[in-house]
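Remarks on the structure that follows.
The values are calculated or read from the model by the stated rules, or taken from the named source; none is laboratory data. The shown structure was predicted, so the numbers you read here are calculated from the model rather than taken from an experiment. Ideal geometry is used to build each Cβ from the backbone, glycine not excepted, and the neighbour counts take in all protein chains shown.
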Amino acid sequence: MSMSPLEELRHSASHILATALLRIFPDAKLDIGPPTDSGFYYDVDLDHKLTNDDLVKLEAEMKKVADENQPFLRKEVSREEAIEIIRSRGQERYKLGRLADIPEGEKISFYQNGEFMDLCAGTHVRYSSKLKAFKLLSIAGAYHRGDEKNKQLQRIYGTAFPTKEELAQHLDRLEQAKARDHRKLGKDLKLFVIDEDVGQGLILWTPNGSIIRQELQSFIGEELRKQGYSQVFTPHIGKLELYKTSGHFPYYKESQFTPVVENETLSRIVREGCSCAEMVARLDAVSSKLRQTVNDRSGREIIPESRVLDADKLLDGFMLKPMNCPHHIKIFASQPHSYRDLPVRLAEFGTVYRWEQSGELNGMTRVRGFTQDDAHLFCTEAQVAGEVLGCLSLVKVVLNTLGMSDYRVRVGLRDPDSNKYTGTAENWDKAEAACREAAKTLGVPFTEEPGEAAFYGPKIDFVVKDVIGREWQLGTVQVDYNLPVRFDLSYTGADNQAHRPVMIHRAPFGSMERFCGVLIEHFGGDFPVWLAPEQVRLVPISDKVLDYGREVLNHLKAAGVRATLDEHSDKMGAKIRRAELEKIPYTLVLGAKEAESKAASVRSRAKGDEGAMPYAVFTERVVTEIRTRALPAKAQPPA
RNA sequence: GCCCAGAUAGCUCAGUUGGCAGAGCACGUCCUUGGUAAGGACGAGGUCGCCGGUUCAAAUCCGGUUCUGGGCUCCA
């Protein structure tokens, strides 16, 4: 096993952490301690609950271990000897299992530094004194082997660098990242709020944030018109049976809001003495007719006999929609279609609701209610490749317009060992091939990842990282041979026969919430002028030029520019400072000189003081910048 | 959902061994009318997340709960 020098250093740091840990807590049971992208961790089973004070103590002890200048010694042993070493050190609880993971025939090695010895493939630095710059960062819970059925261990995170300077830089970067965090900027710039009385994971878009969202929606709307989409609107709820037909319920039941059962039915079954368990079973069940229909169409036993209940026992309710597709499918199915009509492209900013686990919620990037810039394309099989390409180019237009180039593309394929997918193997192969081919045309590197497909088809995802390195899926294009079958969709072909259309699901932003969250961090709050909630701030130097200020304000407003006049009685410097903190792209300073010549002194976010120009000229410039959706100029480095 | 840590004014935060609730910024009024990142004075603003317990007395101690943060698990 080869490691980069940095990984080697961090891996050694985790051994030194374990050494220190066992000195302070001799009864700790160790699991594993690998390096990570930005540091290292060690998982440990310990009755004592580690606190931040313990981190300080551990760090001090690690320093001692490093100063002892212990050599790291490799020792290769037989499996029997390995078991003996682990036993003699009282570490059999996890280490024997880790030993068992090593395939027969592969070398088994331990590394020893000082009194500590750990089962480890290596490699390591030669002496513990190499460890000069490290810091323990946090304590977290982590399930043994990442399985929530296993015991939760305590994970100690830390980081290490070759030099103190690099460590300091890293910690400084973490600090700077915090300043760009969309949750902080969202509060500072008044873009959105989450109110605990409304509910966790439910975004309230404030006026400023709503402007950004509205601009993004108009932008995408323009592109959709160019590409021949039709706009539709559908409600936020739909009957449970709809999702039983689509297969979303009860398959994804645990990540959906509980169905809404209307009052009279609820009172009736309560009077009948229906238990909760029975009610759940009755909600989950299907009629024999639905079962037969779905199974017949799929040509497979998708719904088992055991889910069938007598019609009078069935309960229907309404679901908050977890996806928009069934609604769009019903619009498509409401009319007969000829091959000449295809592709039909139905687009909607559709709001969906998913019951995400509470611990997973995160600002705007992981929420329980969100609006997808969704569309469903119904096309012939021959059109699939071309339509997928069209969707991908749309995603690229979006990302290019916003200057987002730091993303990766993931082609999500089915996991051959799982049975969670619906549809035939043949269709899956075709869909996966189409996605793979389309991805190749993108001109950016992509990875194929088995197990990342949706349950109804493969997909191409655009994944970006947030300021602290967490990955988020934004734009997505998904090919679906399955739902057209489930809903028995058809069109009439040139041969006058009924044919099955193929569906493509796509969302260039993904969701407005997540996209805006990532966008806030991407721009660090310094939005391009077309997105900025306030585009121009007018700063009159004194009350004497307020009337002139109003004249300029009206001119800008008439040109469609979002501008305000700062009428506070503060000094000009204070007004400028306020505008800077609010990250407004342009500030116009207006004094007696400007009033005389119908001018404005322009101060831009990027360049600072640009001097005076006629306000009509400035207005023209801003309007052009807005219309062309120009990206912000890079701020000039301090002279 | 699980582990750990938090929650005090609109924001950022201080608050000692349990003893009258604090600062800066923001906000309001007044003075000031100015030339590119903070002019001054005064004022208003709080059920210390919520519920319960211990106590003569709780922001402070204990239990529960809600929400937030960092992870883990999950993410159609």
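Considering only residues of segment A:524-566 that are of a type in the set (A, V, I, L, M, F, W, C) and in a loop (DSSP other than H, G, I, E, B), which is farthest from A:I220 (Cα to Cα)?
As a first pass, look at segment A:524-566 and keep what is of a type in the set (A, V, I, L, M, F, W, C): A:527, A:529-532, A:536, A:538-539, A:541, A:545-546, A:552-553, A:556, A:558-559, A:561, A:563, A:565.
Those still in the list that are in a loop (DSSP other than H, G, I, E, B) too: A:527, A:529-532, A:541, A:559, A:561.
Values: A:F527: 17, A:V529: 17, A:W530: 14, A:L531: 13, A:A532: 17, A:I541: 40, A:A559: 22, A:V561: 20 Å.
Restricting to residues being of a type in the set (A, V, I, L, M, F, W, C) and in a loop (DSSP other than H, G, I, E, B), the top hit is A:I541.
Just one of (1) under 17 Å from A:F370 (Cα atoms); (2) part of a helix (DSSP H, G or I); (3) out of contact with any Lys or Arg (no Cβ under 9 Å at 6 or more places or on another chain) trips up A:K187, so point out which.
For A:K187, the failing item is (1).
Return yes or no: is A:S267 surrounded by fewer than 18 Cβ atoms within 10 Å (Cβ to Cβ) and either within 16 Å of RNA strand B (Cβ to nearest atom) or not hydrophobic (A, V, I, L, M, F, W, C) (or both)?
Values: surrounded by fewer than 18 Cβ atoms within 10 Å (Cβ to Cβ): yes; either within 16 Å of RNA strand B (Cβ to nearest atom) or not hydrophobic (A, V, I, L, M, F, W, C) (or both): yes.
Yes: the conditions hold for A:S267.
For residues in segment A:360-382 being in contact with a strand residue (DSSP E or B) (Cβ under 9 Å, 6 or more places away or on another chain) and part of a loop (DSSP other than H, G, I, E, B), which is farthest from A:G493 (Cα to Cα)?
A:G363
Give segment A:318-359 a look and list any residue that's over 30 Å from A:D495 (Cα atoms), surrounded by 19 or more Cβ atoms within 10 Å (Cβ to Cβ) and among the small types (G, A, S), or say none.
A:G350
Are there any pairs with C-beta distances below 6 angstrom linking a residue in segment A:234-261 that is among the hydrophobic types (A, V, I, L, M, F, W, C) to a residue that is part of a loop (DSSP other than H, G, I, E, B) and within 11 Å of RNA strand B (Cβ to nearest atom), with the two at least 6 apart or on different chains, and if so which?
Going by the 6 Å Cβ cut-off, the qualifying pairs are A:F257/A:W355.
Yes or no: segment A:488-501 includes at least one residue that is crowded, with 24+ Cβ neighbours inside 10 Å and in a strand (DSSP E or B).
no
Criterion first (within 14 Å of RNA strand B (Cβ to nearest atom) and in contact with a Leu (Cβ under 6 Å, 6 or more places away or on another chain)) does A:I520 satisfy it?
Working: within 14 Å of RNA strand B (Cβ to nearest atom): yes; in contact with a Leu (Cβ under 6 Å, 6 or more places away or on another chain): yes.
Considered against the rule, which asks whether it is within 14 Å of RNA strand B (Cβ to nearest atom) and in contact with a Leu (Cβ under 6 Å, 6 or more places away or on another chain), A:I520 comes out as yes.
Output the residue which, of all residues in segment A:567-582 that are aliphatic (A, V, I, L, M) and surrounded by 12 or more Cβ atoms within 10 Å (Cβ to Cβ), is farthest from RNA strand B (Cβ to nearest atom).
First, pick out the residues of segment A:567-582 that are aliphatic (A, V, I, L, M): A:572, A:574, A:576, A:579, A:581.
Those still in the list that are surrounded by 12 or more Cβ atoms within 10 Å (Cβ to Cβ) too: A:572, A:574, A:576, A:579.
Values: A:M572: 5, A:A574: 3, A:I576: 4, A:A579: 8 Å.
Ranking the qualifying residues of segment A:567-582, first place goes to A:A579.
Restricted to segment A:10-59, and to residues that are assigned to a helix (DSSP H, G or I) and modelled with pLDDT under 90, which residue is farthest from A:I139 (Cα to Cα)?
First, the residues of segment A:10-59 that are assigned to a helix (DSSP H, G or I): A:10-24, A:52-59.
Next, only the ones that are modelled with pLDDT under 90 stay: A:52-57.
Working: A:N52: 8, A:D53: 11, A:D54: 10, A:L55: 8, A:V56: 12, A:K57: 14 Å.
The residue in question is A:K57.
How many residues does segment A:332-364 contain that are within 9 Å of RNA strand B (Cβ to nearest atom) and not hydrophobic (A, V, I, L, M, F, W, C)?
Matching residues across segment A:332-364 total 9.
Which pairs do you get when a residue that is under 15 Å from A:I541 (Cα atoms) and touching a residue at least 40 places away in the same chain (Cβ under 8 Å), found in segment A:589-612, comes within reach of a residue that is among the β-branched types (V, I, T) and within 6 Å of RNA strand B (Cβ to nearest atom), reach meaning Cβ atoms under 6 angstrom, with the pair 6+ apart or on two chains?
A:G591/A:I541
Condition first: farther than 15 Å from A:G317 by Cα, part of a helix (DSSP H, G or I) and polar (S, T, N, Q). Now tell me which residues in segment A:253-285 satisfy that.
Across segment A:253-285, the qualifying residue is only A:S255.
For A:L171, state whether it is in contact with a strand residue (DSSP E or B) (Cβ under 9 Å, 6 or more places away or on another chain), more than 16 Å from A:R366 (Cα to Cα) and surrounded by 12 or more Cβ atoms within 10 Å (Cβ to Cβ). Steps first, please.
Values: in contact with a strand residue (DSSP E or B) (Cβ under 9 Å, 6 or more places away or on another chain): yes; more than 16 Å from A:R366 (Cα to Cα): yes; surrounded by 12 or more Cβ atoms within 10 Å (Cβ to Cβ): yes.
Yes.
Suppose we keep only residues that are touching a residue at least 60 places away in the same chain (Cβ under 8 Å) and exposed (fewer than 12 other Cβ atoms within 10 Å of the Cβ) within segment A:179-214. Which one would you say is nearest to RNA strand B (Cβ to nearest atom)?
Restricting to residues being touching a residue at least 60 places away in the same chain (Cβ under 8 Å) and exposed (fewer than 12 other Cβ atoms within 10 Å of the Cβ), the top hit is A:G199.
Modelled with pLDDT of 90 or more, surrounded by fewer than 16 Cβ atoms within 10 Å (Cβ to Cβ), of a type outside the set (D, E, K, R) and touching a strand residue (DSSP E or B) at 6+ places or on another chain (Cβ under 9 Å): is that true of A:S288 in this structure? Lay out the reasoning, then the answer.
Numbers: modelled with pLDDT of 90 or more: yes; surrounded by fewer than 16 Cβ atoms within 10 Å (Cβ to Cβ): yes; of a type outside the set (D, E, K, R): yes; touching a strand residue (DSSP E or B) at 6+ places or on another chain (Cβ under 9 Å): yes.
Criteria met by A:S288.
Which one of A:E262, A:E254 is surrounded by fewer than 15 Cβ atoms within 10 Å (Cβ to Cβ) and more than 24 Å from the chain's Cα centre (by Cα)? It would help to see each step written out before you state the result.
On the way: A:E254 fails: more than 24 Å from the chain's Cα centre (by Cα).
After applying the criteria, what remains is A:E262.
What's the number of the condition A:D429 fails, among (1) touching a strand residue (DSSP E or B) at 6+ places or on another chain (Cβ under 9 Å); (2) over 20 Å from A:S246 (Cα atoms); (3) not in a loop (DSSP other than H, G, I, E, B)?
Among (1) touching a strand residue (DSSP E or B) at 6+ places or on another chain (Cβ under 9 Å); (2) over 20 Å from A:S246 (Cα atoms); (3) not in a loop (DSSP other than H, G, I, E, B), A:D429 violates only (1).
Which residues, taken from segment A:583-594, are within 8 Å of RNA strand B (Cβ to nearest atom) and touching a strand residue (DSSP E or B) at 6+ places or on another chain (Cβ under 9 Å)?
Within segment A:583-594, A:T587, A:V589, A:L590, A:G591, A:K593, A:E594 qualify.
Any idea how many residues of segment A:598-628 are at pLDDT below 95 and more than 10 Å from RNA strand B (Cβ to nearest atom)?
Summing the residues that are at pLDDT below 95 and more than 10 Å from RNA strand B (Cβ to nearest atom) in segment A:598-628 gives 2.
Using the structure shown, decide if A:N69 is in contact (Cβ under 8 Å) with a residue 24 or more places away in the chain and at positive phi.
Details: in contact (Cβ under 8 Å) with a residue 24 or more places away in the chain: yes; at positive phi: yes.
When the stated conditions are applied, A:N69 passes them.
Is there a residue in segment A:406-421 that is among the polar types (S, T, N, Q), closer than 16 Å to A:A454 by Cα and in a helix (DSSP H, G or I)? Reasoning before the result, please.
Step one: filter segment A:406-421 for residues among the polar types (S, T, N, Q), giving A:418-419.
Now restrict to residues that are closer than 16 Å to A:A454 by Cα: A:418-419.
From what is left, the residues that are in a helix (DSSP H, G or I) are none.
No: zero hits.
Of all residues in segment A:372-405, which are under 16 Å from the mean Cα position of the chain (by Cα), surrounded by fewer than 22 Cβ atoms within 10 Å (Cβ to Cβ) and under 20 Å from A:P326 (Cα atoms)?
None; the set is empty.
If we only count helices (runs of 4 or more DSSP H) wholly inside segment A:567-639, which ones have 1 or more residues that are acidic (D, E) and more than 18 Å from A:E551 (Cβ to Cβ)? Even if it seems obvious, please write down each step before you answer.
Details: elements: A:572-581, A:592-597, A:615-627.
In segment A:567-639, A:572-581, A:615-627 are the helices (runs of 4 or more DSSP H) which contain 1 or more residues that are acidic (D, E) and more than 18 Å from A:E551 (Cβ to Cβ).
List the pairs whose first member sits in segment A:565-586 and is over 25 Å from A:I626 (Cβ atoms), whose second member is basic (K, R) and more than 6 Å from RNA strand B (Cβ to nearest atom), and whose Cβ atoms are under 9 Å apart, counting only residues at least 6 apart or on separate chains?
Pairs found: A:H568/A:K575; A:H568/A:R578; A:D570/A:R578.
Within segment A:445-482, work out how many residues are in contact with a Phe, Trp or Tyr (Cβ under 8 Å, 6 or more places away or on another chain), farther than 20 Å from A:D415 by Cβ and not in a strand (DSSP E or B). Don't jump to the end; show me each part of the working.
Our first condition is that a residue be in contact with a Phe, Trp or Tyr (Cβ under 8 Å, 6 or more places away or on another chain); within segment A:445-482, this holds for A:453, A:455-458, A:460, A:462-466, A:473-476, A:478, A:480-482.
From what is left, the residues that are farther than 20 Å from A:D415 by Cβ are A:462, A:464-466, A:474-475.
With not in a strand (DSSP E or B) added as a condition, the list becomes A:466.
Selection size over segment A:445-482: 1.
List the pairs whose first member sits in segment A:625-639 and is farther than 16 Å from A:G524 by Cβ, whose second member is of a type in the set (A, V, I, L, M) and at pLDDT 95 or above, and whose Cβ atoms are under 7 Å apart, counting only residues at least 6 apart or on separate chains?
Partner pairs satisfying both residue conditions: A:E625/A:V529; A:I626/A:V529; A:A630/A:V529.
Return only the number of the condition from (1) within 11 Å of RNA strand B (Cβ to nearest atom); (2) modelled with pLDDT of 90 or more; (3) within 15 Å of the chain's Cα centre (by Cα) that A:V467 does not satisfy.
Condition (2) is where A:V467 drops out.
On the given criteria, is A:R550 more than 8 Å from RNA strand B (Cβ to nearest atom), on the phi > 0 side of the Ramachandran plot, surrounded by 13 or more Cβ atoms within 10 Å (Cβ to Cβ) and of a type in the set (D, E, K, R)?
On the way: more than 8 Å from RNA strand B (Cβ to nearest atom): yes; on the phi > 0 side of the Ramachandran plot: no; surrounded by 13 or more Cβ atoms within 10 Å (Cβ to Cβ): yes; of a type in the set (D, E, K, R): yes.
Taking the combined requirement at face value, the residue does not satisfy it.
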